[in-house]
Amino acid sequence: MLIGRHIGRVSGFQCSVAVRRLFKVVSKTAVLIATVISASVSGLAQSRPADLTGDRIAKAKSEPQNWATYFGTYDAWRYSSLDQINANNVKNLTSVWAIQTGKIDGGLNATPLVVDGIMYLIASEDRVFALNAETGERLWSYDYKIPRDLAVPYGKFNRGLAVGYGMVYFGTMDNHVVALDARTGRETWNVEVEEVQKCGCNITGAPILVKDKVVVGSTGGDSAHRGYITAFYAKTGRLAWRFFTIPGPGEPGNDTWGPGDMWKFGGGSTWLTGSFDPELNLIYWGIGNPSSDFNNTLRPGANLYTDCIVALDADSGKLKWYYQEIPGDSWDFDSAYECVLLDVESNGRVQKLLVHPNKSGYTWVLDRTTGKFLKAWPYVDTINWIKGIDKDGNLIGRNEPRVGKPAFVCPNWGGGRSWNHSAYSPKTGWIYNPGIEWCADLTSFSQGPKEGRGFTNGSVLVKPPPGGKITTHLDAFDPVTGEKKWTIPTKYPIISCLLATGGGLVFTGDVEGRFFALDARSGNLLWSFNTGSGLRGGPITYSVHGRQYVAAPSGLGSLFVGGMQATWPETAGLPGGSAVFVFALPAAAERQ
């Protein structure tokens, strides 16, 4: 059921000269504290958020001073052409401001956005902040209020938000989508996507603003639940369309679930954030694994559209094409990761490609106009869940778990990498991506589904690769051929997103708290800074008044982090946190 709620006028009262006004609204869903710091900052906060439209985001590359959407641009490159900070002067980078969000439970998984000098940030428990991106001064903050008795599925963390049409949009722990006034932080609309107790799902991924709609996915792939992608009209919160990731009776693909009602409980969650090609008017989204995760005998067939890339018409949500990477998945290898959109010239014509790193350790390359399979290449070395992928994209030699009989599978359910996103640089033509070499004894169970409840049907005992030990690394690849350009070993998995820049740099961070910059062509370490807690979110870069900044969210948290201790026991002592650190060159070094 969709429930709309609009928040009316709030009361104000006078405070000190330094704090001009304090607005406070207490409602059933939210407590808002909005503070205007000074007249000049107030003017900044109200300058241009209403000017950001879907058309303007489509041209985001022409505004490198902003980071206006989750991936920076619709093509999911996580790249900025800003080059004031470069490989020659990055050693001079210094911290200029930082903000603590106030709660460390859940860490900080988010990617901040910056639009016209204002940073928008979401932290755990759906707390939203608007900040002066030049100074870090807080313009307003908002705390989302959830029912006290809610058992929050899939954690308290949140990966990001969207901005446009004068509003800030985000998904919530209890499966709502909320829009705030970007100038004041007051709630504008609030819509329930689906009752959280029914689906056992919520929203931890960032919405994407496409044209006049806000499009969002959901969690729940490890529960007895039917996944979906939902679009709301950005200005009103009214439902625009919904695409179910599992076809219902009478729809093409429903027969891939076998007889019975497994289609109702088959997972197919849309965990993360999609990409968009304005020219083709297509939204691309990676779909998660089927439930039960480790027992596909309960759902005989290919189980469409799980483990697929789907291309949807942005206006109607209608399916234009799909490509299934892993039919009948029994390893929990989601296809939910980022869809990187590249235009590559070949034989005198430009080919529109979609490059998709998958949890399985492979990267798929598709024609994004038609969905045609072009190539798949491995980004980790230790793979035995299949023997290979043929020229037509068929999986060869599947190594599947069976009930009561363990299978030694590489990589394990944690994946060849976690959800944290790769980066692509058009300057080098390379994609930068982390990897983990690990395996597991995987045993499946057999139990029936209960709607909204966990439905994994398996156990995982993490093991090292044959004759070796668990290792991790960060790599540069040709995104089309898979040719490895460089690799660097890392002590632990890189679980922070990556950022590539026009200055020939790649930024990321590690679980021990080190935020660092690498030379994009060599992988050499050029600079680092200890943030005090591990990095799990997405670093960005932007500029204000001609000065380039790099922002790094710091703070361990998420399901993957909770599971690291079984493999790396010493990580149990790593400190939590939730802060954003912002860096720039000293004024004199900006000219170097």
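Could you tell me the ratio Rg/Rh of the range 411-513? Both radii from Cα atoms, Rh via Kirkwood. Reported Rg/Rh (Cα atoms, Kirkwood Rh): 1.09.
If I take R0 = 35 Å and measure r between the Cβ atoms of S62 and F244 in this structure, what FRET efficiency does the formula 1/(1 + (r/R0)^6) give, to the nearest 0.05?
Numbers: r = 36 Å, r/R0 = 1.03.
Approximately 0.45, to the nearest 0.05.
For the pair the range 317-379 / the range 115-139, the C-alpha centres are spaced 34 Å from each other.
Can you tell me which of 293-300, 535-542 comes out highest on packing, and rank the rest after it, using the mean Cβ neighbours within 10 Å? Show your work: numbers first, answer last.
Details: 293-300: 21.5, 535-542: 29.0.
In descending order of packing, they fall as 535-542, 293-300.
Computed log10 I(q)/I(0) for the chain at 0.05 Å⁻¹: -0.19, from the Debye equation with unit scatterers placed on every C-alpha and solvent omitted. Rolling a 1.4 Å probe across all protein chains gives C497 an accessible area of roughly 0 Å². Approximating the spin labels as points 7 Å out from Cα along Cα→Cβ, the L525-to-K427 distance works out to 2.1 nm. In the range 408-452, the inverse of the mean reciprocal separation of distinct Cα atoms equals 13.7 Å; this is its Kirkwood hydrodynamic radius.
Using a probe of 1.4 angstrom and keeping all protein chains present, the accessible surface of the chain works out to 36 square angstrom per residue. Taking the helices alone, the chain has a mean residue ellipticity at 222 nm of -1000 deg cm²/dmol, built from -39,500 (n - 2.57) per DSSP H run of at least 4 residues and averaged over all its residues.
With θ taken as phi - 60° and the Karplus curve 6.51 cos²θ - 1.76 cosθ + 1.60 applied, the whole-hertz 3J(HN,Hα) list for the range 93-102 is 4, 9, 6, 10, 6, 8, 9, 8, 7, x Hz, x standing for glycine and proline.
Taking the Cβ-Cβ separation of E451 and Q351 as r and a Förster radius of 30 Å, what is the calculated FRET efficiency to the nearest 0.05? Display every interim value, and only then the final one.
Numbers: r = 44 Å, r/R0 = 1.45.
FRET efficiency, E451 to Q351: 0.10.
The listed residues F373, F408 rank as F408, F373 when sorted by accessible area, largest first, using a 1.4 Å probe. Taking only protein heavy atoms and a 1.4 Å probe, the accessible area of the range 499-563 is 49% carbon and sulfur.
Derived scalar couplings between HN and Hα for the range 310-321 equal 10, 10, 10, 5, 5, 7, 10, x, 6, 6, 9, 7 Hz in order, rounded to whole Hz, by the Karplus curve 6.51 cos²θ - 1.76 cosθ + 1.60 (θ = phi - 60°), x for Gly and Pro.
Only Lys, Arg, Asp and Glu carry charge here, each on its Cβ (+1 for the first two, -1 for the last two); on that basis the chain has a dipole of about 920 debye about its Cα centre. For the range 415-479, chymotrypsin sites (Phe, Trp or Tyr not before Pro) are listed when DSSP marks them as loop and at most 15 other Cβ atoms sit within 10 Å of their Cβ; the list is F445.
Just to confirm the filter: which GluC sites (Glu not before Pro) across the range 165-239 are DSSP coil and have at most 14 other Cβ within 10 angstrom of their Cβ? Present the calculation step by step, with values, prior to reporting the outcome.
Numbers: sites: E187, E192, E194, E195; in loops: E194, E195.
When the GluC sites (Glu not before Pro) of the range 165-239 are filtered for loop state and at most 14 Cβ neighbours within 10 Å, E195 remain.
About the centre of its Cα atoms, the range 437-592 shows a dipole size close to 140 debye [charges on the beta carbon of Lys, Arg (+1) and Asp, Glu (-1) only; nearest 20 debye].
The convex hull drawn around the Cα atoms of the range 64-197, when projected onto a plane and averaged over every direction, covers 9.5 nm².
With all protein chains in place and a 1.4 Å probe, the accessible surface of the range 187-269 carries 52 percent carbon and sulfur. Placing unit charges on the Cβ atoms of the charged side chains and taking the dipole of the chain about its Cα centre, the candidate lying farthest along the positive direction among H421, G117, S335 is G117. Considering the options S316, Y144, V214, tell which one lies farthest towards the positive end of the dipole of the chain, charges being +1 on Lys and Arg and -1 on Asp and Glu at the Cβ, about the Cα centre. The residue sitting farthest along the positive end of the dipole is Y144.
Of the trypsin sites (Lys or Arg not before Pro) found in the range 424-522, those in coil by DSSP whose Cβ has at most 10 other Cβ atoms within 10 Å are K469.
The values are calculated or read from the model by the stated rules, or taken from the named source; none is laboratory data. Because the structure is a prediction, the values reported are computed rather than measured. Here the Cβ is made from the backbone with ideal geometry for all residues, glycine too, and neighbour counts use every protein chain on show. Calculation scope for accessible area: heavy atoms of the full protein, side chains included, ligands and nucleic acids excluded. Shrake-Rupley method; radii C 1.70, N 1.55, O 1.52, S 1.80 Å.
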